[in-house]
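Below is one structure, written out as structure tokens; comments come after it.
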Amino acid sequence: MKLSGVYELNVKKEVVWKALNDTKILKQCIPGCEIFDKESNNSFTATATNQIGPMNATFSGTVRLSNILENESYTLSGEGRSSVGFANGRADIKLIEKNGKTILNYEVSINVGGKIAQLGSRLIDGVAKKMSDYFFGRFADVVAPIKKEYENLTTIKEKRVEVIKSNFLNKYIYSAILIFILLLVVIFYFVSR
């Protein structure tokens, strides 16, 4: 599956490039990211938990930077494994500066396998688009927030995307519901004997 998009950021290209190489900023932008640690200059380990359809999946894996042209472009690629399958993908990111603003172009390709691939391509495509939009929208919000000024001289930062809260609570809610259903089945089984 392939996705692409463009963001216009009201900062210079060097600022965007620095942010694209900042582990703290990247961690904030990856949906459900719990761990994002630098292994070397171009390699990171990451753990992220996300809901994919009815499944909550915690993926652990690596993220690598390659094809690096400083202040111009790079490829961000990653692969992760979970109890429900695997996912790997890459994002080719290009920066163009025009009139003091930076145009961030991206092209993303994603592959999944295992149980999550059985959910169907429509659901997977929707989740992949949502996660890609979240990553780049959140990145744009962190690096160059949109500021609206009003007549009464107040300035409000407008968000491109809403921050995704941790899936910690969802994990336990789904587990509790599953246990409750299993208990009902067991009770029904013994009562009907």
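The values are calculated or read from the model by the stated rules, or taken from the named source; none is laboratory data. Because the structure is a prediction, the values reported are computed rather than measured. Every residue, glycine among them, receives a Cβ derived from its backbone with ideal geometry; neighbour counts consider all protein chains shown. The area values use the complete protein model at the heavy-atom level, side chains included, leaving out ligands, DNA and RNA. Shrake-Rupley method; radii C 1.70, N 1.55, O 1.52, S 1.80 Å.
Return yes or no: is Lys115 within 19 Å of Phe135 (Cβ to Cβ) and surrounded by fewer than 17 Cβ atoms within 10 Å (Cβ to Cβ)? Let's see the steps before the verdict.
Working: within 19 Å of Phe135 (Cβ to Cβ): no; surrounded by fewer than 17 Cβ atoms within 10 Å (Cβ to Cβ): yes.
In short, no.
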Cross-chain or 6+ apart pairs with Cβ under 8 Å, the range 110-134 first and among the acidic types (Asp, Glu), then open to solvent by 50 Å² or more (accessible area, probe 1.4 Å): Asp125/Met1
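What are the residues in the range 83-108 that are of a type in the set (S, T, N, Q) and open to solvent by less than 30 Å² (accessible area, probe 1.4 Å), if any? Talk me through it step by step, then tell me what you get.
Taking the range 83-108 as the starting set, the residues that turn out to be of a type in the set (S, T, N, Q) are 83, 88, 99, 102, 105.
Matches in the range 83-108: Thr102 only.
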Residue within the range 2-25 that is touching a residue at least 12 places away in the same chain (Cβ under 8 Å) and farther than 21 Å from Asp141 by Cβ present: yes
Residues of the range 94-136 that turn out to be closer than 26 Å to Leu69 by Cα, in contact with a strand residue (DSSP E or B) (Cβ under 9 Å, 6 or more places away or on another chain) and of a type in the set (S, T, N, Q), as a count: 5
Pick from the range 83-134, criterion acidic (Asp, Glu) and not in a strand (DSSP E or B), ranking: nearest to Gly32 (Cα to Cα): Asp133
Subset of the range 83-107 [at pLDDT 90 or above, under 18 Å from the mean Cα position of the chain (by Cα) and β-branched (Val, Ile, Thr)]: Ile93
Residues being loosely packed, with under 14 Cβ neighbours inside 10 Å and either assigned to a strand (DSSP E or B) or under 15 Å from the mean Cα position of the chain (by Cα) (or both) - total across the range 69-82: 1
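Tally time: how many residues in the range 136-148 are part of a helix (DSSP H, G or I) and either open to solvent by 20 Å² or more (accessible area, probe 1.4 Å) or touching a Gly at 6+ places or on another chain (Cβ under 7 Å) (or both)?
As a first pass, look at the range 136-148 and keep what is part of a helix (DSSP H, G or I): 136-143.
Filter once more, keeping what is either open to solvent by 20 Å² or more (accessible area, probe 1.4 Å) or touching a Gly at 6+ places or on another chain (Cβ under 7 Å) (or both): 136, 138, 142-143.
Within the range 136-148, residues that are part of a helix (DSSP H, G or I) and either open to solvent by 20 Å² or more (accessible area, probe 1.4 Å) or touching a Gly at 6+ places or on another chain (Cβ under 7 Å) (or both) number 4.
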Condition met for Ile52 (hydrophobic (A, V, I, L, M, F, W, C) and more than 13 Å from Ala87 (Cβ to Cβ)): no
Every pair of residues 6+ apart whose Cβ atoms lie under 8 Å, when the first sits in the range 37-58 and is farther than 11 Å from Thr23 by Cβ and in contact (Cβ under 8 Å) with a residue 40 or more places away in the chain while the second is surrounded by 19 or more Cβ atoms within 10 Å (Cβ to Cβ) and small (Gly, Ala, Ser): Thr49/Gly32; Thr49/Ala57; Asn50/Gly32; Asn50/Ala57; Gln51/Ala57; Ala57/Ser82; Ala57/Gly85
